[in-house]
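Right, one structure below, let's go through it.
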Amino acid sequence: MDLKEKTIASFKKYVSGDEFSQLKLPVIPKASVLIPLLVRDGQLRLLLTVRSIHLKQHAGEVCFPGGKSESGDRDEVHTALREAEEEIGLPPDKVEVICKLFPVINKTGLLITPVVAFIEDSFKASPNTDEVSEVFTLPLEFFTKEADHSGYPVPSVFGPTHSFMYTDPSTGKIHQIWGLTAALAITAAVLALGKKPEFEIGFNLDNPASGFKDILNRKLSKL
């Protein structure tokens, strides 16, 4: 198998759509984010965006393409693909969806479903400047290394709040990747690469779905 096939097999090993479909979710606001992976020079990379400084919420922060569900969306995947096309010009027919990860509830009570997918290495982003100021990629393995990682004793999706400082070698710009975005990037790296990071992550790699389900149920019980 090539790297892409191995990565897809790794996600299928850990993620079960049946477990997701059996969740009894309340009627609360929903959103989806796309976790876009690509293979470049024999390496798995992750695409991220920088939010416009003109936005009212999370201005200038690094995040995944995504947003709130709309009435015309068929499901969580449709939401993620629609938002990615609106934000960075990613055509849905150029996206190979791998799976949905377990949904998480953010601090505002929004139920967010991460959708993992492969995009083509040749994709050239066309950012909607009203929402996105920059698009960049970085090695997925970056999110398993201690060197640029910090952990803070503030509760996040699981365990502490994670933060990374990434210097883009092509531009020299320094990006802080933290909070929910960092947590999801770590999750994607752990599941895709099949190895534990050099720092404490807060869930069991042997059975991550069970841990994510427990975390979600605890959050739901407090609503």
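With θ set to phi - 60°, apply the Karplus curve 6.51 cos²θ - 1.76 cosθ + 1.60 along the range 115-124 and write out the HN-Hα couplings as whole Hz, x wherever there is a Gly or Pro.
Computed from phi, the couplings for the range 115-124 are 10, 8, 8, 9, 10, 6, 4, 7, 4, 10 Hz.
Calculate the FRET efficiency for Asp93 and Asp214 from the Cβ-Cβ distance with a Förster distance of 25 Å, rounded to the nearest 0.05.
Numbers: r = 37 Å, r/R0 = 1.46.
Rounded to the nearest 0.05, the efficiency is 0.10.
Stretch Ile28-Phe199 to full length: gain in nm at 0.36 nm per residue minus the Cα-Cα span? Intermediate results must be reported in sequence, preceding the final value.
Working: separation 171, 0.36 × 171 = 61.56 nm, distance 3.32 nm.
In short, 58.2 nm is gained.
Would you mind checking which residues have amide H under 5 Å from Glu61's amide H? H placed 1.01 Å from N; only 5 or more apart, or other chain.
Arg51
For Ile98, list long-range residues whose amide hydrogen, built 1.01 Å from N in the peptide plane, is under 5 Å from its own amide hydrogen.
Answer set, sorted by chain and number: Val116, Ala117, Phe118.
With a 1.4 Å probe and every protein chain kept in, tell me what percent of the accessible surface of the chain is carbon plus sulfur. Please list the in-between numbers first.
Numbers: 5650 of 11340 Å².
Looking at the chain in its full context, I get 50 percent from C and S.
What does the charge add up to near Pro127, with Lys and Arg as +1, Asp and Glu as -1, over the other residues with Cβ less than 11 Å from its Cβ? The partial results should precede the final answer.
Working: positive: Arg51, Lys124; negative: Glu86, Glu87, Asp130, Glu131, Glu134.
Net of charged neighbours comes to -3.
Using just the helices of the chain, give the 222 nm mean residue ellipticity in deg cm²/dmol: DSSP H runs with n ≥ 4 each add -39,500 (n - 2.57), and the total is spread over all residues, rounded to 500. Mind showing how you got there, number by number?
Working: 5 runs with 59 residues, N = 223.
Helices in the chain give a 222 nm mean residue ellipticity of -8000 deg cm²/dmol.
Once the Cβ-Cβ distance between Gln43 and Ile174 is put in as r, and R0 is 22 Å, what FRET efficiency do you end up with, to the nearest 0.05?
Step by step, r from the Cβ atoms, then E = 0.55.
Say each of Ala59 and Glu86 gets a label point 7 Å from the Cα, pointing the same way as Cα to Cβ; how far apart are those two points in nm?
Each label point is offset 7 Å from its Cα along the Cβ direction, giving 2.0 nm.
Gain in length, Asn106 to Phe11, computed as 0.36 nm per residue apart minus the alpha-carbon separation, to one decimal in nm? Write down the numbers at each step before the final one.
Values: separation 95, 0.36 × 95 = 34.20 nm, distance 2.30 nm.
31.9 nm is the gain from fully extending Asn106 to Phe11.
Going down the table (Lys12/Lys124; Lys6/Lys196; Lys4/Lys30), which pairs top 24 Å between alpha carbons?
Numbers: Lys12/Lys124 28 Å; Lys6/Lys196 17 Å; Lys4/Lys30 30 Å.
Table pairs above 24 Å Cα-Cα are Lys12/Lys124; Lys4/Lys30.
Any idea what the relative contact order of the chain is, in percent, if you count C-alpha pairs under 8 Å spaced at least 6 apart?
Values: 407 pairs, mean separation 48.7, N = 223.
Contact order relative to length: 22 percent.
Can you match mean projected area of the Cα convex hull in nm² to one of these, (i) 23.5; (ii) 13.8; (iii) 12.2, based on a calculation from the structure here?
Checking each listed value against the structure points to (iii).
The values are calculated or read from the model by the stated rules, or taken from the named source; none is laboratory data. Treat the numbers as computed from the prediction; the structure is a model and nothing was measured. Backbone-built Cβ (ideal geometry, glycine too); neighbour counts: all protein chains shown. Heavy atoms of the whole protein, side chains included, go into the accessibility calculation; ligands, DNA and RNA do not. Shrake-Rupley method; radii C 1.70, N 1.55, O 1.52, S 1.80 Å.
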